[in-house]
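Working notes, beginning with the structure itself.
The values are calculated or read from the model by the stated rules, or taken from the named source; none is laboratory data. From a predicted model like this one, the values you see are computed outputs, not experimental measurements. All Cβ positions, even for glycine, are placed from backbone atoms using ideal geometry, and neighbour counts span all protein chains on display. Side chains included, ligands, DNA and RNA excluded: accessible areas come from the protein's heavy atoms. Shrake-Rupley method; radii C 1.70, N 1.55, O 1.52, S 1.80 Å.
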Amino acid sequence: MTDLPATHRRLVSTVTKDGEARLSIQDVPLPVPGDDEVLVRVEATPINPSDLAVLLALTDPAGYTRQDDGSTAAPLAPAVQRALSARAGIDLPVGNEGAGTVVAAGSSDAAQALLGKTVALAGGGFYAQYRKVPAAACMIVPEGTSAEEGASSYVNPLTALGMVGTMKREGYSGLVHTAAASNLGQMLVKLCAADGVPLVNIVRSEAQAQILRDLGAEHVVDMTADDFMAKLIDAIAATGAYLAFDAVGGGKLAGQILAAMEQAALRSQKADGPYGSRQMKQVYVYGGLSTAPTELTRSFGMRWRMGGWLLTYFLEDIGAAEAAGLRDRVARELKTTFASKYTQRITLDQAIDPAIIAAYGKRATGEKYLITPNA
């Protein structure tokens, strides 16, 4: 630790007691690793949709302004302030995942073995120059793989694997995925192709549809097209995809998917009287790109389910050994199946610039931001 700084910089998000969401950069003491811990110099950490809810505290990304103390703040709506009251006055470190170099290690053999290695990991607080973590949480990236290539090795790759794993565990044979042109969606296209899993991709424009077709996707449906429902029914009937993962959450889309599943099922089976088909249909909401209420028009029989899905819970359900196997696959395929593309690279200071917040807060497809804390 003698060659390292005494302090380092980190980004925190704070819900203030007077009704603001505030982003600031703090200088804090450099943590010292315990026996089974390591200190990672964070070289790359992505901004994922799952980060934005904590980072921006459900505020309008375009509403942030620079403050006299160098921080950036936006007003909270009264309902949001009430919902986030437990956060009031607490500085929350942000950043679910990242990658970098192990620069200090505890006394255990496992920790010492990681010194000098480039590792990728998750656990929060990665929008910082350094991060102390358990040695067991580190995934050594393959030789010749950079920190940038390993920065998004947890959330999106394991989510894609978790979707396919959930499909298999619950007895389905195909998938429907929304907001499918995202980085995650593109990974899922490649994963399903490699594993022989039928996949229906729902996108929001013809340009997004072309992105997936260029990757080899067979079934791509544009939800803005006039024939959306007809094409969705055809795609589900062709694939037998009766399990959906919805990143949108709000609005009518989840209900439309269930309705399309029902119509696809009725092409090959009779209705059970007034109760519809006997085909079980499931939509998991795993994101919140739309904050509107979820609308269901009951036109899909009586065998259906809708619920939430979270990667953390999936990994807990499958157990440590199986989860480790998934991480091993991610490491092997970081440059192929699970490769990520970034359109912008920004520093910690830029991450709290109001204009840049407005840009990455849009969560536009194909515009993924990467923070380089030590740049």
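Answer yes if at least one residue in segment 165-174 is in contact with a helix residue (DSSP H, G or I) (Cβ under 8 Å, 6 or more places away or on another chain) and surrounded by 23 or more Cβ atoms within 10 Å (Cβ to Cβ), and no otherwise.
no
Kindly evaluate Thr118 against the criterion of being of a type in the set (Ser, Thr, Tyr) and in contact with a Pro (Cβ under 6 Å, 6 or more places away or on another chain).
No, not satisfied.
If you go through segment 217-236 one residue at a time, do you hit one that is touching a residue at least 60 places away in the same chain (Cβ under 8 Å), part of a helix (DSSP H, G or I), in contact with a helix residue (DSSP H, G or I) (Cβ under 8 Å, 6 or more places away or on another chain) and farther than 26 Å from Asn48 by Cα?
Within segment 217-236, one or more residues are touching a residue at least 60 places away in the same chain (Cβ under 8 Å), part of a helix (DSSP H, G or I), in contact with a helix residue (DSSP H, G or I) (Cβ under 8 Å, 6 or more places away or on another chain) and farther than 26 Å from Asn48 by Cα.
If you go through segment 249-268 one residue at a time, how many are over 23 Å from the mean Cα position of the chain (by Cα) and buried (at least 16 other Cβ atoms within 10 Å of the Cβ)?
10
Among the residues of segment 146-158, what is the count of those that are open to solvent by 10 Å² or more (accessible area, probe 1.4 Å), within 16 Å of Met187 (Cα to Cα) and not in a loop (DSSP other than H, G, I, E, B)?
3
Return a yes/no flag: does segment 202-221 have any residue that is under 22 Å from the mean Cα position of the chain (by Cα) and closer than 17 Å to Gln282 by Cα.
There is at least one residue in segment 202-221 that is under 22 Å from the mean Cα position of the chain (by Cα) and closer than 17 Å to Gln282 by Cα.
Can you report the number of residues in segment 81-117 which are surrounded by fewer than 23 Cβ atoms within 10 Å (Cβ to Cβ) and of a type in the set (Val, Ile, Thr)?
3
Any chance you could count how many residues in segment 188-216 are loosely packed, with under 14 Cβ neighbours inside 10 Å and part of a strand (DSSP E or B)?
0
Within segment 18-30, identify whether any single residue is in contact with a Lys or Arg (Cβ under 9 Å, 6 or more places away or on another chain), at pLDDT below 95 and farther than 21 Å from Val133 by Cβ, and answer yes or no.
no
Which of the strands (runs of 3 or more DSSP E) found entirely inside segment 269-375 contain at least 1 residues meeting this: in contact with a Lys or Arg (Cβ under 6 Å, 6 or more places away or on another chain) and either under 28 Å from Gly171 (Cα atoms) or open to solvent by less than 40 Å² (accessible area, probe 1.4 Å) (or both)?
Qualifying strands (runs of 3 or more DSSP E): 281-285, 304-308, 369-371.
Taking the residues in segment 17-27 that are touching a residue at least 60 places away in the same chain (Cβ under 8 Å) and open to solvent by 20 Å² or more (accessible area, probe 1.4 Å) as candidates, determine which candidate is farthest from Glu43 (Cα to Cα).
Restricting to residues being touching a residue at least 60 places away in the same chain (Cβ under 8 Å) and open to solvent by 20 Å² or more (accessible area, probe 1.4 Å), the top hit is Lys17.
Under 30 Å from Asp51 (Cβ atoms) and among the small types (Gly, Ala, Ser): is that true of Gly255 in this structure?
The answer is yes for Gly255.
Condition first: open to solvent by 20 Å² or more (accessible area, probe 1.4 Å) and either more than 17 Å from Val155 (Cβ to Cβ) or part of a strand (DSSP E or B) (or both). Now tell me which residues in segment 125-145 satisfy that.
Correct list: Gln129, Tyr130, Arg131, Lys132, Pro134, Ala136, Met139, Ile140, Pro142, Glu143, Gly144.
When both residues are 6+ apart or on different chains and their Cβ atoms are under 7 Å apart, which pairs have a first residue that lies in segment 66-82 and is farther than 19 Å from Gln350 by Cβ, and a second that is open to solvent by 50 Å² or more (accessible area, probe 1.4 Å)?
Partner pairs satisfying both residue conditions: Val80/Leu58.
If the requirement is being modelled with pLDDT of 95 or more and surrounded by fewer than 16 Cβ atoms within 10 Å (Cβ to Cβ), which of these qualifies: Asp226, Asp234?
Among Asp226, Asp234, only Asp226 is modelled with pLDDT of 95 or more and surrounded by fewer than 16 Cβ atoms within 10 Å (Cβ to Cβ).
Could you list all residues from segment 38-49 that are under 19 Å from Leu348 (Cβ atoms) and open to solvent by 20 Å² or more (accessible area, probe 1.4 Å)?
Listed by number, the residues that qualify are Arg41, Glu43.
Checking Leu4 against (1) part of a strand (DSSP E or B); (2) open to solvent by 10 Å² or more (accessible area, probe 1.4 Å); (3) touching a residue at least 24 places away in the same chain (Cβ under 8 Å), which test does it fail?
Answer for Leu4: the failing condition is (1).
Restricted to segment 237-248, and to residues that are buried (at least 20 other Cβ atoms within 10 Å of the Cβ) and not hydroxyl-bearing (Ser, Thr, Tyr), which residue is farthest from the chain's Cα centre (by Cα)?
Ala241
So which residues in segment 66-80 are part of a loop (DSSP other than H, G, I, E, B) and open to solvent by less than 30 Å² (accessible area, probe 1.4 Å), if there are any at all?
Selection gives Ser71, Leu76.
Does segment 193-202 contain at least one residue that is of a type outside the set (Val, Ile, Thr), within 19 Å of Phe300 (Cβ to Cβ) and without any contact (Cβ under 8 Å) to a residue 60 or more places away in the chain?
Scanning segment 193-202 turns up no residue that is of a type outside the set (Val, Ile, Thr), within 19 Å of Phe300 (Cβ to Cβ) and without any contact (Cβ under 8 Å) to a residue 60 or more places away in the chain.
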